[in-house]
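The values are calculated or read from the model by the stated rules, or taken from the named source; none is laboratory data. Model, not experiment: these values are computed from the prediction. Cβ coordinates were reconstructed from backbone atoms using ideal geometry, including for glycine residues, and neighbour counts include every protein chain displayed. Quick note on the areas: whole protein, heavy atoms, side chains included, nothing else; ligands and nucleic acids left out. Shrake-Rupley method; radii C 1.70, N 1.55, O 1.52, S 1.80 Å.
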There are 2 protein chains.
Amino acid sequence: MLAGYLNARCADFLRSLRLYGESGSDTAAAAEAASALRCSARRIGGTLHTFRVLLDPVWADQLRTELGWLSGTLAQEYACTARLHRLVSALGRLSGSGPVPGPPGSGPVPTASNGEGSAAGAGALTVGASRAGALLERQLTLARTRSHSAALQALGSSRFHAVADAVAVLASEVPLAPVAGAPAAEILTAPRTAAERRLLDAVSALPLARAAHPYNAEALVYGLATPSDGETQDAPWHQVRLLLRLHRYAQEVRQGSGSPDPVLAEAGRALDRHRDAAEAAAAAANAARTPRIAPATAYALGVLHADQRLEVEAARYEFQRIWQRTAVTAP
Amino acid sequence: MLAGYLNARCADFLRSLRLYGESGSDTAAAAEAASALRCSARRIGGTLHTFRVLLDPVWADQLRTELGWLSGTLAQEYACTARLHRLVSALGRLSGSGPVPGPPGSGPVPTASNGEGSAAGAGALTVGASRAGALLERQLTLARTRSHSAALQALGSSRFHAVADAVAVLASEVPLAPVAGAPAAEILTAPRTAAERRLLDAVSALPLARAAHPYNAEALVYGLATPSDGETQDAPWHQVRLLLRLHRYAQEVRQGSGSPDPVLAEAGRALDRHRDAAEAAAAAANAARTPRIAPATAYALGVLHADQRLEVEAARYEFQRIWQRTAVTAP
């Protein structure tokens, strides 16, 4: 069962790699192939981690590290693009010129403006918003270009070829550790239960009761302190995001990749938004440290930072709501 | 019944005025007396407004205008003090050095910091927070001093003495309009019902369904646009705040001032917070327009503005939650 799952994910990996190579100048196809490549790399790595005891552990740890390096390197470029898009659309919304995303189930959003809002904005602060947008675009486009070069360099490296070779072997042959001949379902249960236990422990350490109170203003605490203070607060949530992913992959091994648990997938998406908003908030704070920017630009970046921290808090609220519906309970 | 209520409020007014005159250099006693003076001025004015048809209308309108001028003038000084306190404590919270106000019923707030947060903040942005605090203190202290002078000047004016004389007359003698001899309860019902109807109409025009979705990001729309755009959005809520107050005063006429409806009082406090946060957010945005401020100061003011707009949104959420429990339904 485990070998079959790993074989299938390695086949996905190799197919995505071929598609990426064939994509040439078609950036949309390249992005899609790179995304699929990262997706299978994460699944292979996660499975090697969770079911480590059933495999050759030294080999599993080493390949997992290499797959982590690969997916991390490939992720950067697309993360920069997504972050820029998130920040620029938030600036549009904050200036009253963009659409307001409605909360789930709220239906069409009534427009607060009487038609004069978006056109009238010739004030200094709207100038600030457009300057802030230009600054972020410059900084994040530069970061993306660097990430793109780093990704190309990685894909041409001997280190990458070694990973691809290892995955090619794994696509047909899984080095299982010798285990006593129990039924597959039983052997797989212990690592999967351990993964679930790590997830539950991490979730129970989250301040969920606090997150359940809307507008608790938790995510903006340290909004003006040094960045590392805010990051301390986010870390347990990021950790749950990773453990939830491992748990989902472990479930896939049992179920095949066909039927993901919709509630867990939704909880994962809430934590993805949490991570994206936290990183976007950090990018806005970082841009505000650029020397010699105008006060209006800095002001707009401050509003933008707080707005994204608010989305961090909203994602936590959303996660705890979804988590109440999840089937994952203490075993 | 109406005359009795007005007599009693006018007696409150005159007693507060005497206490204010006797307070001398005791600023706490002066503040308390001024607050009581405004409180009775608002009640007298509100009652004259609601029960206008039962009174001499020309006289009622004129006295109401004068009482509005008086309570507005007296309110400014204390509003500046409260606004400064609100903004400075928000800056403390945002810098991780102040206490985080817990949401209602959340119990003690867990500290997110591991003891290093508040001490470590020697970064540029914490400098920004303290500079922003100093700028706001300068601006709002100046505004308060001006308001204090204006209040003193008003209390010494012949315009004020005319108001005080009118209230002194009203303390013993109410110029009721001639009405057909129906029972008092019935005569008072029509104006009270009309006041309730105006409140209900205004509440039903509020975007309560949207406010019921936490983190709808509504209050930050136009967060970077010109200030007047944001104020357009707040106006209906401010209007409901005033109508709710008139409704409460009209209820007092029936019940005596003894037993206020606790739910309506709570709803009123939520709208007071809405107004206070909206004005604090405007003060932060306004301070950011000061020429030649440092980018770090402007950034901190941006975060602060967004934080207060978030409190605006939180107050709307709170109001709609309280409103669901209110006994006020369509008559």
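Would you mind giving the average projected area, over all directions, of the Cα convex hull of chain A in nm² with one decimal?
Working: hull surface 78.6 nm².
With every direction weighted equally, the projected area is 19.6 nm².
Among residues other than residue A:4 with Cβ under 15 Å from its Cβ, the summed charge is 0 (Lys and Arg +1, Asp and Glu -1). Relative to the Cα centre, the charge distribution of the protein assembly as shown, modelled as +1 at Lys and Arg Cβ and -1 at Asp and Glu Cβ, gives a dipole magnitude of about 320 debye.
Pairwise Cα distances in the protein assembly as shown exceed 43 Å for 38 percent of all pairs. Going from the chain on its own to the full set of protein chains, segment B:290-326 has these residues losing 50 Å² or more of accessible surface (heavy atoms, 1.4 Å probe, no ligands, DNA or RNA): B:295, B:299, B:303, B:310.
With 10 Å bins beginning at zero, the pair-distance distribution over Cα atoms of segment B:185-331 amounts to 11, 37, 27, 16, 7, 2, 0 %.
Keeping all protein chains in place and using 1.4 angstrom, which order do B:165, A:276 fall into by accessible surface area, from largest down? If you can, show how the numbers build up before the last one.
Working: B:165 100, A:276 60 Å².
Per-residue accessible area, sorted high to low, gives B:165, A:276.
Positive-end ranking of B:251, B:310, B:280 along the dipole of segment B:185-331, with charges on Cβ about the Cα centre, is headed by B:251. Chain B and chain A together bury an accessible surface of about 5000 square angstrom, both sides counted, with a 1.4 Å probe and no ligands or nucleic acids included.
Charge dipole (Cα centre; +1 on Lys/Arg Cβ, -1 on Asp/Glu Cβ; no other charges) of chain B amounts to roughly 220 debye. Overall form of segment A:150-206: oblate. Here a/c, set by the Cα gyration tensor axes a ≥ b ≥ c, is 1.5 or more, and a/b is not larger than b/c.
Surface composition of segment B:144-224: carbon plus sulfur atoms hold 60% of the accessible area, using a 1.4 angstrom probe and ignoring ligands, DNA and RNA.
Computed on protein heavy atoms with a 1.4 Å probe, the accessible areas place B:25, B:40 in the order B:25, B:40, largest first.
To the nearest µm²/s, what D does Stokes-Einstein give for segment A:34-88 at 4 °C and 1.567 mPa s, using the Kirkwood radius over alpha carbon pairs as Rh? Calculated translational D: 106 µm²/s.
Between B:96, B:68, B:302, which gets the highest mean-square fluctuation from a Gaussian network model of chain B, Cα cutoff 10 Å? Maximum among the listed residues: B:96.
Amide H contacts for residue B:55 (H built 1.01 Å from N in the peptide plane; partners 5 or more residues away or on another chain; cut-off under 5 Å): B:177.
The residues packed around residue A:28, meaning those with a beta-carbon under 14 Å from its beta-carbon, carry a net charge of -4 if Lys and Arg are +1 and Asp and Glu are -1.
Over chain A, with the other protein chains present, what is the accessible area per residue in square angstrom, probe 1.4 angstrom?
Values: 14650 Å² over 331 residues.
Result: 44 Å² per residue.
Pick out which of A:34, A:298, A:168 has the largest mean-square fluctuation in a Gaussian network model of chain A, springs linking Cα atoms closer than 10 Å. Fluctuation is largest for A:168.
Which is the longest run of chain B containing none of the GluC sites (Glu not before Pro) found in DSSP loop states (not H, G, I, E, B) with at most 14 other C-beta atoms within 10 Å? Present the calculation step by step, with values, prior to reporting the outcome.
Details: sites that count: B:116, B:173.
By the stated rule (loop sites, at most 14 other Cβ atoms within 10 Å), B:174-331.
Output the DSSP H helices from chain A with an along-axis C-alpha extent of no less than 15 Å and a mean Kyte-Doolittle hydropathy no less than -1.0. Taking the DSSP H segments of chain A (at least 15 Å long, mean hydropathy at least -1.0), we get A:2-22, A:27-50, A:57-94, A:124-155, A:158-170, A:184-204, A:262-287, A:295-323.
A helix-only calculation puts chain B at -25500 deg cm²/dmol for mean residue ellipticity at 222 nm, using -39500 (n - 2.57) for each DSSP H run of at least four residues, averaged over all residues.
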